[in-house]
1. Take the conditions among the aliphatic types (A, V, I, L, M), surrounded by 11 or more Cβ atoms within 10 Å (Cβ to Cβ) and without any contact (Cβ under 8 Å) to a residue 12 or more places away in the chain and apply them to residue 42. Does it pass?
2. Considering only the range 105-119, state which residues are part of a helix (DSSP H, G or I) and of a type outside the set (Ser, Thr, Tyr).
3. Please work out which one of (1) on the phi < 0 side of the Ramachandran plot; (2) loosely packed, with under 15 Cβ neighbours inside 10 Å; (3) not basic (Lys, Arg) is the condition residue 62 fails and give its number.
4. Looking at the range 72-79, can you tell me whether even one residue there is touching a residue at least 60 places away in the same chain (Cβ under 8 Å), more than 23 Å from residue 4 (Cα to Cα) and exposed (fewer than 15 other Cβ atoms within 10 Å of the Cβ)?
5. So residue 24 clears everything in (1) part of a helix (DSSP H, G or I); (2) of a type outside the set (Gly, Ala, Ser); (3) over 15 Å from the mean Cα position of the chain (by Cα); (4) closer than 23 Å to residue 116 by Cα except one condition, right? Which one?
6. From 102, 49, 122, which residue is without any contact (Cβ under 8 Å) to a residue 60 or more places away in the chain, under 30 Å from residue 1 (Cβ atoms) and in a loop (DSSP other than H, G, I, E, B)?
7. Here is a list: 110, 64. Which entry is modelled with pLDDT under 95 and basic (Lys, Arg)?
8. Taking the options 47, 101, 67, 89, name whichever one is under 16 Å from residue 11 (Cβ atoms) and either more than 16 Å from the chain's Cα centre (by Cα) or surrounded by fewer than 16 Cβ atoms within 10 Å (Cβ to Cβ) (or both).
Amino acid sequence: MKYLVMVQGTHADYDAMQGKASEHSPAWSEKELQAMYAYMNAINDDLSESGEFVDGQGLADPDRTRLVSLDADGNPVITDGPYGETKELLAGYWVLDCASLERVTAIAERVARCPQPAGAPEYPVVIRPIMEGGAGDIC
C-alpha cells in the first residue's frame, strides 16, 4: 500500500532555519541544520535500500507559495505567500510503498525523532493512505 507521509512547519520555522529566531522558534545553528539534513538523508537512504521509497522532497520556503481559488463569479483569485508566521503548512513529504500501516507508522516515528534545537516546536508526522483504485475509493 502506498502512503503519503508529511512533515509540517510554519513560516517562522523556515526563518529559524535561516538563523532568524522568533517567539515561535529559536534560530538554528549551521551544525543543527546539518544534523537535520544528515538525519533525513539517512532515512531516505534506508527507505531506498528497503525498496519502500517512491518519492520524497522538502518544500521551498513558504514565501514562494501561491494559492489559486475562484471568486463568486468563477474568476481566478491568485494569492502569493508569505502567510501568517504561525500557520502550519506542508514542509516536506515522502511517498512510501509499505507492507502495512504498522511499518509506515514506525517510519513516521523515526521521522518525528529528527534532531532540532531545544525549544523548537514539534509537529505530528501525518500519514495518509494513497487511494490507488478507481473512483469508488473517493466515496
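1. So residue 42 passes the test.
2. Pass one, the range 105-119, residues part of a helix (DSSP H, G or I): 105-112.
Selection gives 106, 107, 108, 109, 110, 111, 112.
3. For residue 62, the exception is condition (2).
4. Looking through the range 72-79, none of the residues is touching a residue at least 60 places away in the same chain (Cβ under 8 Å), more than 23 Å from residue 4 (Cα to Cα) and exposed (fewer than 15 other Cβ atoms within 10 Å of the Cβ).
5. Checking residue 24 against (1) part of a helix (DSSP H, G or I); (2) of a type outside the set (Gly, Ala, Ser); (3) over 15 Å from the mean Cα position of the chain (by Cα); (4) closer than 23 Å to residue 116 by Cα, the one that fails is (1).
6. Values: 102 fails: in a loop (DSSP other than H, G, I, E, B); 49 fails: in a loop (DSSP other than H, G, I, E, B).
It is 122.
7. That would be 64, the only listed residue that is modelled with pLDDT under 95 and basic (Lys, Arg).
8. So the residue among 47, 101, 67, 89 that is under 16 Å from residue 11 (Cβ atoms) and either more than 16 Å from the chain's Cα centre (by Cα) or surrounded by fewer than 16 Cβ atoms within 10 Å (Cβ to Cβ) (or both) is 67.
The values are calculated or read from the model by the stated rules, or taken from the named source; none is laboratory data. What you see is a predicted model; the values in this text were computed from it and never measured. Don't worry about glycine lacking a Cβ; one is built from the backbone with ideal geometry, like all the others, and counts go over all protein chains shown.
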